[in-house]
1. I need the Kirkwood Rh of region B:34-182: take the reciprocal of the average 1/r across all distinct C-alpha pairs and report it in angstrom.
2. For chain B, what does the alpha-carbon gyration tensor say about shape, rounded, prolate or oblate, given a ≥ b ≥ c as the root eigenvalues, a/c under 1.5 as rounded, and a/b over b/c as prolate?
3. For region C:82-152, what is Rg from Cα atoms divided by 2.2 N^0.38 Å, rounded to two decimals?
4. With a cut-off of 8 Å between alpha carbons and a minimum separation of six or more residues, what is the relative contact order of region C:1-92 in percent?
5. Starting from the 7 Å offset along Cα-to-Cβ, what nm value, one decimal, do you get for the label separation of residue A:259 and residue A:106?
6. Under 5 Å between amide hydrogens, which residues at least 5 positions from residue C:87 or on another chain qualify, with H placed 1.01 Å from N in the peptide plane?
7. Report the Stokes-Einstein translational diffusion coefficient (µm² s⁻¹, integer) for region A:235-279, Rh taken as the Kirkwood radius over Cα pairs, at 10 °C with viscosity 1.306 mPa s.
8. Could you state the number of Å between the C-alpha centres of region A:112-185 and region A:416-491?
Amino acid sequence: MAISLKLPEFLVVRDKERCIECQVCVNQCANEAHIWDQDLEQVVSNDVACVNCHRCVVYCPTRALRIEEWKQDFKKNANWDGISIKQTYLQAESGGTLLIGMGNDKAYPIYWDHLLLNASQVTNPSIDPLREPIELRTYLGRKPDLLKNPSAFREELPPQLQLEVPVMFSAMSFGSVSLNTHRSLAAAASELGIYWNAGEGGLHEDLFSYSPKTIVQVASGRFGINASMLKRAGGIEIKIGQGAKPGIGGHLPGEKVEEDVSRTRRIPYGSDAISPAPHHDIYSIEDLRQLIYSLKEATAYERVVGVKVAAVHNIAAIASGIARAGADIIVLDGFRGGTGAAPLRIRDNVGLPAEFALAAVDQRLREEGIRNEVSLVIAGGIRNSADIIKAIALGADAIYIGTAALIALGCHMCQKCYTGKCNWGIATQQPDLVRRVNPKIGRERLVNLVRSWEHEMKEMLGGMGINAIESLRGNRLMLRGVGLNAKELEILGIKAAGE
Amino acid sequence: MNYVIIGNSTAAIAGVEGIREVDSQGEIVLISRETHHTYSKPLISYYLAGKVSRENMDYRPADFYARNRVKTYLGQEVTSINPETKTVHLEPEDVDLSYERLLIATGGSPIVPPVFRGDYLNLHQFYCLDDVLNLSRSLEEERPRKIAIIGGGLIGLKAAESMVLRKQHVIVIEAGPYLLGSIMDREGAALVHEHLVEQGIEFYFSRPVIQLETGARGIEGLILEDHTVVACDMVLLAAGVRAAYPPTVAGGLKTDLGILVDNYMQTSIPGIFAAGDVAQGFDMMAEVSRPVPILSGAYRQGRIAGLNMAGQKKESSGIMAFNSIPLLGLNIATAGLSTEVGDDFTPLSKTGPGKIYQKLILKENRIHGLIFVGDISRAGMYRGLMTKKADISSYRQHLLSSDFGLKYLPEEYIEEVL
Amino acid sequence: MKKVVAIKEYCVACGLCEVYCATVHSRYPDSVLKAFKLSPQKPVSRVFLEKSEQWSGGIQCRHCKDAPCIAACITGAMYRNRDGIVLLDEERCVQCSTCVIACPYGLIKESDMGGRKVLLKCDLCYQLAESPTCVTYCPNEALIWVEEGETL
Ligand SMILES: Cc1cc2nc3c(=O)[nH]c(=O)nc-3n(C[C@H](O)[C@H](O)[C@H](O)COP(=O)(O)OP(=O)(O)OC[C@H]3O[C@@H](n4cnc5c(N)ncnc54)[C@H](O)[C@@H]3O)c2cc1C
């Protein structure tokens, strides 16, 4: 057999002074990077199997473990760096597409970090959120153009999603993530008074009690969709694209289609679940409109129907079309959006930053006078409460978090979701691994995360002298850019710092 | 309600505990021929071997009687029971005590084979605390060099162990063909034998003692059936035990090999209960009434008797014979019908490495008995399955595998443990 | 009476229950490192991680109501304390192992302490003010300490 040129990515550093040979690391590593050696009577490392997920590091009761990068220098070359060389070896050995999980990790500029928020000083008072109420409640959905009967001051509203905090858990399908992950997300969303999105794999029957707070997805594979499921759900989302892999479909390997997944997706046990790249019945805005109205018809116009697209170059025009096709919500998924599995080259090289997509779309819809007809939700790379406040000031109604939610559940961003061996029990269907997410703990952690953001958002709003998130929406005067060029500032619609 | 309990050992103490679970007021009187605070009989060999102190032989703490408000008559023997007048007669005090409920927990008494009947200075019983207190004194005073033990059963071998630990030379005379015949099969017994020979014990099998050679010191030699002469200068008797009935019971209790009791430990005379080695109750494995002279049986029966005496109807599902007997470092455990060989019984066994032997006796998809020698760590699980009369067909192939455990058992069983 | 219940749906089979149980019953109850590095004998756990393909769980003495081990104990060393906890007085135990065969779940184990044989069982950490150690350190709350009959 020809020698493999593959080198370990990581080095397992085991402090012999501290290791007590308890084998907890052996038990916890699904990749078998730790092995109990009968003859040596000690735990030994198989570094090449390590994915640096930190499961062992966290579980080691004596802190005997640390994972380091495997430091192997290549001859200095600004063009052919180590990563490029290693990827080439890998493909020369496997002959396959490089796969990866989670969002784009390349050093593209993060525009959130080039935006600064305003605060009140002297000329207008700031508000102390501990003394005065600050409103974060948000309604997503079409808003009427005007009061039909101005004297009544009441207007029948089309269906809306009511959010106590402008945050939702974004679509992660059952199949790509475990049922216990879904349980955690669903329970947390219900407790928080927000929505979670069950993704394109349908809704498991154990979670029906959470359906009022569930958004279900209609994607190109149409998995698990039926009339009763649509009616049961709190909201519906048509998924056209995903920020991590615009233009690409999905492929859940048959091994992951175990009994529960097969029943929930309504596909044969063990069969591959293939989501085609396009919806085969959508080739135009008119086709999309048909699907939107079919879904509205099926749910007696009582459900919000949104459309999720990946942020791509012509996003403003596309969004305008979607709004005109009758969507109640447009979800813009930026190129940093996460995924359970994507071709590496697509993930790393296709799409747009969510910040630009949002600014462009908000601007365009305003110009066309249809901004009120649709709510804007952005996804893809939101990391904290400041990102959210900036997004809302740029024009978003609410945001989706995916990766941040998974990190709250224990994800350590090893990017190996596609292997199905998630040591944190999140992106896996392997029963012994699924047990690693205890939904009771998962719910608590998600609730804690969102509640802590809620406090921070109120503080930032109060600092700006704003007492309702409504008043921040699209209020780009609250933003200034640093380190951005004139064109970038123009697209973002903001002034430069100091202006 | 007033209760009288005859006996001061396992069954009697369990009787007190059973009564007090239900009735905190009633008067309890406890009578024992022995003068000691309640002690554990099996510990006599440990005491002799110096492994346990006299204080630690107490079966219950010193304040047991006081805490349970038990009036004791220690050093008093019940010589008769009169169910008509509901009284028991005590000697030497020469009093009659009346009872409303009576528990007979007089245990067993050692069998003395006819050849040993007579007064020999160096012949010792090995059954109760006074026996070993005597024996201990004799060992120090007489410094015997060769001690013969009559009987290769559980008690005989525990006696042998204690003598070896006291650096004595020991000879065991067993009338049967192998050791521990009442609970052990030939293969298991062979391992035990091998182990004890390694520890320096000498054995004679299949030949009962037919005659004694006597001299100034008492017994000086044992003549076996085949005329072999075994020289010795001290003899310990461990030839078996039988029920120790109190001498007379007017009207007569129904007995077989022990006082017959029903599942409430009630004898043939209303108001009189019996428990422990003296009683003959239901053996859950053999599914017949027969004596099971073991400590846990005595405890279970005593407690059931106590509960029922105090008015709480509690039925026993029978008791199971089981034992664990470490002998000079070798663990031995048996349970249930461990010696059964009948046609319908299928043995499943495993040997080695070393002195390891494990055997299950199966019949109709149930485990009926077990013998474990060497490694007994999993024996409890198998005994648990026996108690439950569990159907083992779904995991039969895993029985005795080195990783046999909960994981092979049905859901209900697992739920019970989690 | 409060008991430790294993929730097999969330047990991650890590074995930390065993590590901490062994530690708290060692000469160095506060330090896993010292317990394992300095104890003359490897510390032993009284809780046992049972694993199968389908489930896992840390199991220990059930402190049965009608405890077979108490009935079987030849010395009286196995007893129930006022709180209902079945305890083994190691001072009085003569290691006859009758409890080992009496326990229907196999939860009393013999262990070698440097030539000295000892029998060990769960004591529910009754000397600690807080929950039993295995419960305290179970990283996924798969061991819980609840009143009997209470469910989640
Ligand atoms: C050396 C040895 C080792 C043993 N090892 C084990 C073992 O490992 N495991 C096991 O399960 N079993 C063992 N046994 C058996 C166990 O000891 C008995 O099964 C148990 O003691 C029976 O308890 P009991 O209460 O029925 O009777 P006993 O223990 O025999 O007690 C009878 C009580 O009644 C009193 N008594 C008797 N007659 C009268 C009377 N007429 N008036 C007043 N008081 C009376 C006696 O003084 C005594 O207190 C062993 C026995 C011996 C001798």
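The values are calculated or read from the model by the stated rules, or taken from the named source; none is laboratory data. Since this is a predicted model, take the numbers as computed values, not measurements. Positions of Cβ are backbone-derived with ideal geometry, glycine not excepted, and every protein chain shown enters the neighbour counts. To get the accessible areas, we keep the full protein, side chains included, count just its heavy atoms, and leave off ligands, DNA and RNA. Shrake-Rupley method; radii C 1.70, N 1.55, O 1.52, S 1.80 Å.
1. Numbers: mean 1/r = 0.0556 Å⁻¹.
Here the Kirkwood hydrodynamic radius works out to 18.0 Å.
2. Verdict is oblate for chain B.
3. Numbers: Rg = 14.5 Å, N = 71, 2.2 N^0.38 = 11.1 Å.
Output field value: 1.31.
4. Details: 118 pairs, mean separation 21.8, N = 92.
Once normalised by length, the contact order is 24 percent.
5. 4.4
6. Amide H neighbours of residue C:87: C:79, C:80, C:81.
7. On the way: Rh = 11.6 Å.
Result for D is 137 µm²/s.
8. If you average the Cα positions of each part, the centres end up 13 Å apart.
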